[in-house]
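J.: Take this structure, written in structure tokens, and hold onto it; I'll ask about it next.
The values are calculated or read from the model by the stated rules, or taken from the named source; none is laboratory data. Keep in mind the model is a prediction, meaning the values are calculated, not measured. Neighbour counts are summed over all protein chains in view; Cβ atoms, including those assigned to glycine, are modelled from backbone coordinates with ideal geometry.
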Amino acid sequence: MNTKEGVILCCILLVGLGLSFNANACSVSNWDVKVGITDADSGSPPPVGTTARMEELCGLEVTSTSYVQDNSPIDGEDARIRLRFYVLISESGSSEVILLQAFDDDSASTEAFSISYKSAGNMFSFSAPGVASSDFPAPTGWVEIQVDWEAGVGFRYWVDTDPNVADDNETGTVAGAGTTTHVGMVRLGAPVAIGDVTMLTYDSYQANRTTSIPTLLDCDADGSGTVTISDILTVIDEVFGDPQELSTGQPDCDRNGTVTISDILLTISTVFPPA
């Protein structure tokens with residue numbers, strides 16, 4: 001289909017298929033472009049612990065200048081994009097590394113906005129051309145970042161805050177960011193240089209036009225949408241199972257990049273809160 005509606009449907013289906021690093025059996029095949037990245041960087045199913053992940057089976061490890069590229073936005077037409085991803089940063093030194101860049105088209109002609117991590121000061125930085133960036137302290141462990149960019153309107157972001165609870169209560173905004181640049185492509189990874197950052201691990205990227213994207217539920221190890229006794233049993237199977245059973249939800253309850261007995265205890269306390 002060559003109609004605008006047909007292309008929109010294609011984009012929706014990509015998101016519905018889980019345009020993310022842990023889809024399709026730990027494959028990066030859903031991404032339109034891969035530079036310096038292969039399936040091997042997304043880890044593999046058991047044995048457990050080969051690659052940190054926020055949900056399901058795998059995350060994506062970036063240890064050099066490399067990126068994956070999402071071409072699903074429509075060049076010159078998508079005035080608004082909402083996206084979400086999780087990042088786990090292993091760092092040393094004082095480099096600033098760009099985590100995500102959004103451009104007007106698949107050829108990266110004009111940048112709309114970018115998100116970077118500043119090792120010096122441990123800050124996330126949200127930027128758009130021609131205006132001052134907005135910085136926010138980076139929490140430890142897995143961090144959720146959500147963005148709402150609208151050409152001619154502005155640039156809002158959320159850091160470990162669920163926009164579905166209070167969509168107007170964003171973590172911050174980039175003042176003056178509202179150029180007419182439409183988003184036609186997104187790059188995620190270390191697209192410019194990784195500097196002296198040791199490793200970036202990504203998971204659970206999703207993007208669409210206007211709808212806020214659900215925050216993952218910590219301790220929901222079986223992925224059912226609620227935290228129950230089943231999740232306790234699921235994370236126990238991952239930590240102590242023989243053979244090990246990999247959790248298909250969000251077992252890394254403390255978000256530290258590994259699934260251990262600590263996550264079992266946190267899941268138990270979530271299901272059975274102390275009096």
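J.: Select from region 108-122 the residues that are touching a residue at least 24 places away in the same chain (Cβ under 8 Å) and at negative phi and list them in ascending order.
T.: Result: THR110, GLU111, ALA112, PHE113, ILE115, TYR117, SER119, ALA120.
J.: Exactly one condition in (1) surrounded by 19 or more Cβ atoms within 10 Å (Cβ to Cβ); (2) part of a strand (DSSP E or B) is not met by GLU238; state its number.
T.: (2)
J.: Tell me whether region 177-187 contains one or more residues that are touching a helix residue (DSSP H, G or I) at 6+ places or on another chain (Cβ under 9 Å) and assigned to a strand (DSSP E or B).
T.: Our first condition is that a residue be touching a helix residue (DSSP H, G or I) at 6+ places or on another chain (Cβ under 9 Å); within region 177-187, this holds for none.
No, that holds for no residue.
J.: If you check every pair at least six apart or on different chains, which have Cβ atoms under 6 Å apart with a residue in region 123-143 that is closer than 23 Å to GLY178 by Cβ first and a residue that is surrounded by fewer than 18 Cβ atoms within 10 Å (Cβ to Cβ) and among the aromatic types (Phe, Trp, Tyr) second?
T.: Qualifying pairs under 6 Å: PHE124/PHE136.
J.: Looking at SER204 and the list (1) assigned to a strand (DSSP E or B); (2) on the phi < 0 side of the Ramachandran plot; (3) in contact with an Asp or Glu (Cβ under 8 Å, 6 or more places away or on another chain); (4) not hydrophobic (A, V, I, L, M, F, W, C), which single condition is not satisfied?
T.: Evaluating SER204 over (1) assigned to a strand (DSSP E or B); (2) on the phi < 0 side of the Ramachandran plot; (3) in contact with an Asp or Glu (Cβ under 8 Å, 6 or more places away or on another chain); (4) not hydrophobic (A, V, I, L, M, F, W, C) leaves (2) as the failure.
J.: Something else about it: Contact list please: Cβ distance under 7 Å, first residue in region 86-97 and not assigned by TED's automatic domain parsing to the domain that holds GLN250, second residue in a strand (DSSP E or B) and of a type in the set (Lys, Arg), pairs at least six apart or on different chains.
T.: Short answer, once both residue conditions are applied: GLU96/LYS118.
J.: Would you kindly identify the strands (runs of 3 or more DSSP E) lying entirely within region 94-156 that contain at least 2 residues that are crowded, with 20+ Cβ neighbours inside 10 Å and out of contact with any helix residue (DSSP H, G or I) (no Cβ under 6 Å at 6 or more places or on another chain)?
T.: Values: elements: 96-103, 111-118, 123-127, 134-137, 143-150.
Correct list: 96-103, 111-118, 123-127, 143-150.
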